[in-house]
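First up is the structure itself, then whatever we jot down about it.
The values are calculated or read from the model by the stated rules, or taken from the named source; none is laboratory data. Since we're looking at a predicted model, the values are computed, not measured. Here Cβ is always computed from backbone atoms with ideal geometry, including for glycine, and neighbour counts include all displayed protein chains. For the accessible areas, the whole protein counts, side chains as well, though only heavy atoms, and no ligand, DNA or RNA atoms are used. Shrake-Rupley method; radii C 1.70, N 1.55, O 1.52, S 1.80 Å.
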Amino acid sequence: MSRNTIRLILVVGTLSIIGILLIQAYWVIKNYELKEKEFDLTVRLSLKNVAENILKYNHNSSPLVDPVAEISPDFFTVKVNDKIDSNLLGGLLRNEFLKEGIKTDIFYSIYDCMGKRIDVTGMVCFDSTSTCTATVTGNLPHWNYDNFYFSVYFPEREKVLLSGMKLWLISTIVLIVLIIFFAYVLFVVFQQKRLSEIQKDFINNMTHEFRTPISTILISCEVLKDSKIIDNPQRLNSYAAIIERQAHRLNQHVERVLQMAKIDKGNIQLKHEQINIHDLLLEALSKLNSSGNNESLTIEYNFLAENPIFMGDRLHLLNIVFNLLDNAVKYCEKDPKVIVTTEENNSDIVIRLADNGIGIALEYQKKIFEKFFRVPNGNVHNVKGFGLGLNYVKNIVKAHNGHIELKSQIEKGSIFTVTLPRNK
Ligand code: ADP
């Protein structure tokens, strides 16, 4: 599948998900508003019935005109214009709301407008576990009725509305779970695709890296097979040197893949040896010399650490310095120059390699430590590699409880700083 098709699928998929979520949100909000209206209507009707029943009990036949007023969505007042018995009001409220299927606590107060005071307050509780201790939070009404009236407050109005929307809430949760699952599947698919691309690149690079030295060795062997070469020892030596160099190169590739395999198994077993870091740095250079990778390299040593002794794994540390030096030479388009500095502070020994290479753009500076990652211009400059070296470096430094930092500027060069704590 091409990159563009994948991008298209991703865009269409994301837009569809956003569309579905927006539609779901729209319907949830609409439904909530409907529930609010329904609650409001039911409450008004029930309260009107309660008011009429109070009058009936009081044998009062005067008509009630628009008795219910809404102060706030959870707070209503009901004009009765007659005496109101608290017990009767509680009972009537319970019956009316039970009849309508609204089982939520109701806080009520009876107001005496002549005396301008609240006569009685009480609660109707439907839930036996409820503590019935709500207080009125809405604005109290003005004292503008002729006679008695009562108010009701629903402290748990929101709960009632939401419980009526259970199905919607469940379907929304199911939708969100499905979307998370879909996103996870997409993530896995793309990761698999990325891995298969990485694998393909790796095989291509590996074939190239192995093929070049093998063909050089084969050609050199052909030359050496010629019996006349015995008469020309200088030529013979130079071909033997070519074979040696290419064999070193092959060995280096194999080593790099093996290093990675070891780390992948998660069994980096570090030796605890006494190492002179300065000697190690010099040894890495001679290893680079013998691999024939250092044509025209100028190296400058700046050994400032007074105590270069460090306890760690010699071979792994040698490999990481070699990898860093090798990269400094590989990724340089002019005559390579590397300044190797060592420093120390109370607890650490610091190794710094500064090169004058092609540099690494800021956006790649973190990624180059990932396995198989190669800066795209690595290929433009026709330098082949596996993208394993720096990942190995990072893992080994980490295994020594240290850390590696990179400062780099395109076309100016890169500085890799490895800090190794002595006392861990
Ligand atoms: P490889 O060299 O095999 O590709 P590495 O893990 O050693 O793998 O390096 C990863 C990438 O980081 C390289 O492909 C290269 O693009 C970039 N890189 C590493 N070292 C340097 C350096 N000193 N200067 C410029 N680029 C570098």
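For the reader, a short list of remarks on this structure follows.
- Cα-centred dipole magnitude for the chain, charges only on beta-carbon of K, R (+1) and D, E (-1), debye, nearest 20: 1180 debye
- Angle between the chain longest axis and helix 233-264 axis [Cα atoms, degrees, rounded to 10]: 20 degrees
- In this structure L218 has an accessible area near 110 Å², from a 1.4 Å probe over the protein heavy atoms.
- Taking Lys and Arg as +1 and Asp and Glu as -1, the other residues whose beta-carbon sits under 13 Å from that of E344 total -1.
- Taking V65, V78, V338 in turn, the Gaussian network model of the chain (Cα-Cα springs below 10 Å) assigns the largest fluctuation to V65.
- Full extension of the chain between F126 and D279 yields a length gain of 46.6 nm, computed as 0.36 nm times the residue separation minus the alpha carbon distance.
- Within the chain, antiparallel bridges make up roughly 90 percent of the DSSP beta bridges whose residues both belong there.
- Note on the chain: with neighbouring protein chains present and a 1.4 Å probe, carbon and sulfur make up 57 percent of its accessible heavy-atom surface.
- Helix axis angle, 314-330 relative to the chain longest principal axis, alpha carbon, degrees: 90 degrees
- Using alpha-carbon coordinates, inclination of helix 277-290 to the longest axis of the chain, degrees: 60 degrees
- Charge tally in the Cβ shell below 12 Å around D74, where Lys, Arg are +1 and Asp, Glu are -1, D74 excluded: -4
- Taking amide H atoms as placed 1.01 Å from N in the peptide plane, the amide H of D348 lies under 5 Å from those of R422, each 5 or more residues away in sequence or on another chain.
- Counting charges near I6 (Lys, Arg +1; Asp, Glu -1) among other residues having Cβ under 12 Å from its Cβ returns a value of +3.
- For the chain, built as a Gaussian network whose Cα springs stay under 10 Å, the top-fluctuating residue of N346, N31, N391: N346
- For the stretch 195-263, the fraction of C-alpha pairs more than 13 angstrom apart is 70%.
- GNM flexibility winner over the chain from Y149, Y331, Y392 (Cα, springs under 10 Å): Y149
- Note on the chain: the alpha carbon radius of gyration divided by the globular reference 2.2 N^0.38 Å gives 1.89.
- Cα centroid of the stretch 265-338 to Cα centroid of the stretch 22-93, whole Å: 85 Å
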